[in-house]
1. Counting pairs of alpha carbon atoms under 8 Å apart in space and at least six apart in sequence, what relative contact order in percent does the chain give?
2. Quick check: net charge around Tyr317, other residues with Cβ under 10 Å of its Cβ, Lys/Arg +1 and Asp/Glu -1?
3. At R0 = 30 Å, how high is the FRET efficiency between Asp38 and Ala77 if r is their beta carbon distance? Nearest 0.05 is fine.
4. Report the percentage of all Cα-Cα pairs in the stretch 3-238 whose separation exceeds 26 Å, rounded to a whole percent.
5. Past 30 Å, Cα to Cα: identify those pairs from Lys41/Lys168; Lys230/Lys419; Lys249/Lys271, in the order given.
6. Quick check: Cα centre of the stretch 494-571 to Cα centre of the stretch 84-146, how many Å?
7. Would you please give the residues with an amide H less than 5 Å from that of Gln229, counting only those at least 5 places away or on a separate chain, with H modeled from the backbone geometry?
8. Among Leu53, Ser225, Val558, which residue has its Cα furthest toward the positive end of the charge dipole of the chain, with +1 on Lys/Arg Cβ and -1 on Asp/Glu Cβ?
Amino acid sequence: MCGIIGYIGKKAAAPTIYGGLLRLEYRGYDSAGIAVSDGRKVRQVKLAGRVNLLEGRLSALCGNAGIGHTRWATHGAPDDVNAHPHRAGKITIVHNGIIENYAELKREALALGETFLSETDSEVIACLINRYYRGKILPALKEACGRLRGSYAILAICEGEDGIAVAKNKSPVVIGCGADGTYVSSDIPALAGLCGEVCIAEDGDYAFLTAEGFEIYDGALNRVSRPMQKNRALPEDVDKGGYPHFMLKEIYRSPRAAEDTVRAFGGVKQKFCKYAEGTGRVILAGCGTAYNSCLAARRYFESFARVPCEVETAGEYRYKNPVITPSTLVIAVSQSGETADTVEAAALARGRGAKVIAVTNAPFSALTRIAGLTVPVAAGFEVCVAATKSYTGQLAALYLMAKALGGGDPSPLEEAPSKIKAALDDMDICAVADMCVHSRGVYFLGRDLDYATALEASLKLKEVSYIQCEGYAAGELKHGALALIDGEKTAVTIISDPALAGKCENAVEQVISRGGKVAVITTLAQVASAFGGRAEVVLLPQCDKYVAPLVTAAAVQVLAYRCAVLLGRNPDMPRNLAKSVTVE
Ligand code: AGP
């Protein structure tokens, strides 16, 4: 949700910042811009569209200090004028977040005769810093932040003053020193190979970067120290590794995500069991794909631990008046650990006395600071906006938590990596993809755990291909959606539970008899032979029914990917989306 990066040091700033923006582009790709100071003057370039459009303009930017931004538009159209950086007087800023009281601040500024070029909320920040500037940018930034309501990570530079000033509230900021200068960024992967260690700033922190290093300050501008963390990001994490897209690379890393998550759980299992002792009710919360993993996990907690379990979209949960008792365990699931709705839902639950566990792929994220315990998803950095291997990792972590809570044997999960790998190596889903891209609508059907996969399949397909699609509980089809079925619609049914196979087959028959196009994705050989010749069938390796969601997920992810490619979409950067949704 907007990526920001700053650099000050010995190198030319423009190409350094440009390289960082390319790595941050998954956070937003509506526009991009860079401002560079040569010590006396600050020059900037900014353009609507992808980061690479800036490449030909970098020579206009000379100097060793600069800031850059890649935008996911919230206020104002994604055009050149609204692109960051924004400037007022000698001050130039980039901002990630939302300023909730910007309209009021803008009215005040206009009354004072100050002027604005853009429709963004961010421009008021530059305007305020400029108003409060008395020869030092950091105190002016602090004074400006005192007027802001909302979320922000701000980088600010001033013409004639060395250094980059930073402010953070609810939007991530990571700072590190490299061999040739000092860096600040929205995310750790942008600093892969540049900084061996990084410091994660906390809400309310300010920082000032020079070529020699950085200092962190609290809200009163007193110096504070923050721990340095090893930067685990490697340059290959942010490289396609020979695959045409990050999405495909990351799907093929799913077996590893499952394996590494199982290993990582070994390190927290005891703590988890102690923390979750006495749990009488589980609430699972997340957004998007994380929410879908919660839907599958509900079955895990109910079946393995026999505890009542509810699933909430985090954005709804944070605005209800939830019933929380001392035995309520809230599990907040988030790949990024930054999603505003999930972070706020977790904070609400914690504030009301619930035990809160973060299940996340981002070990130093905001969510982990709120939770009483973090259970890691060890999927490795995920760059593609569409979540794939992190979904697999979430399912593995939640499976293990439910087993540990119930005291059951988790060994069936050990087969997951090899089954996913076999599915990826052997399946041919091209005919189903072809069917989907030539349809006027796609319905994913499934029961129980397969219903969660159906919803995830639908989210993934719509996200990367823009095909109109829905996920339905297979039994619900006949209660309404069947009216939509005709020769231009496709139903893709997922069947992995032998006990429910017959019931799901009924749904497939209903679609066939209404003339719809039909595909079946199954782990069951008998289902495959029942529909051979009458439907496109994808047969996956047979596996335990609770492990099957990890295997069927890989199939529907590849299906979505193939559809996107057939339609000429870029699956890594779906239109209108960004990977980390740090605003409401
Ligand atoms: C998944 O493909 C989507 N990009 C999106 O739904 C995502 O899962 C959601 O925004 C939640 O993100 P999080 O896991 O980082 O909290």
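1. Relative contact order for the chain comes out at 12 percent.
2. Net charge around Tyr317: -3.
3. 0.45
4. The calculated P(r) of the stretch 3-238 puts 28 percent of pairs beyond 26 Å.
5. Pairs exceeding 30 Å: Lys230/Lys419; Lys249/Lys271.
6. The stretch 494-571 and the stretch 84-146 have Cα centres spaced 54 Å from each other.
7. Sorted by chain and number, the residues that satisfy this are Val198, Cys199, Ile200.
8. Ser225
The values are calculated or read from the model by the stated rules, or taken from the named source; none is laboratory data. In this text the structure is predicted, and so the values were computed from the model without any measurement. When we count neighbours, we look across all protein chains shown, and the Cβ atoms used for this are built from the backbone with ideal geometry, even at glycine. Surface areas here come from the heavy atoms of the whole protein model, side chains and all, with no ligands, DNA or RNA. Shrake-Rupley method; radii C 1.70, N 1.55, O 1.52, S 1.80 Å.
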